[in-house]
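Here's the structure we're looking at; comments come further down.
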């Protein structure tokens, strides 16, 4: 296994062993295996590889608890856009306040003109 660039984990791969590979998002795969292992009690997560780094059982379970990649990307985007949104709101507030004051004044003048008539 060391010829392939992966660390030697032969001592962990004893008995019946299943190996699963993936290309992009590994969190859903880890989630499926964690669910399977807890539901059927016949399988156990032993090790995992992400970018040729060995993950322990605890790290695999942590990976399985992560939300899907799209949710994480949306949360990150929300964090990045939050300051910009606040800045736009802050810059827009004086103009909005002035517009509300002018509207209230025009409505007040409109009602007083109707009352006088």
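Side notes on the structure shown:
- Test for residue 45: is it assigned by TED's automatic domain parsing to the domain that holds residue 17 and within 20 Å of residue 25 (Cβ to Cβ): yes
- Checked against (1) part of a helix (DSSP H, G or I); (2) modelled with pLDDT of 75 or more, residue 11 passes all but a single condition, namely (2).
- The set of residues from segment 38-66 being without any contact (Cβ under 8 Å) to a residue 40 or more places away in the chain and assigned to a loop (DSSP other than H, G, I, E, B) comprises 41, 42, 43, 44, 45, 46, 47, 51, 56, 65, 66.
- Qualifying residue in segment 53-63 (condition: exposed (fewer than 10 other Cβ atoms within 10 Å of the Cβ), at negative phi and not assigned by TED's automatic domain parsing to the domain that holds residue 29): no
- Filter result for residue 98 (surrounded by fewer than 12 Cβ atoms within 10 Å (Cβ to Cβ), more than 22 Å from residue 8 (Cα to Cα), outside the structural domain of residue 11 (by TED's automatic domain parsing) and under 16 Å from the mean Cα position of the chain (by Cα)): no
- So residue 72, is it touching a helix residue (DSSP H, G or I) at 6+ places or on another chain (Cβ under 9 Å), assigned to a helix (DSSP H, G or I), surrounded by 10 or more Cβ atoms within 10 Å (Cβ to Cβ) and not assigned by TED's automatic domain parsing to the domain that holds residue 32: yes
- With respect to the conditions (1) within 30 Å of residue 17 (Cα to Cα); (2) at pLDDT below 80, residue 32 falls short on a single one, namely (2).
The values are calculated or read from the model by the stated rules, or taken from the named source; none is laboratory data. Keep in mind the model is a prediction, meaning the values are calculated, not measured. Note that we place each Cβ from the backbone using ideal geometry, even for glycine, and neighbour counts take in every protein chain shown.
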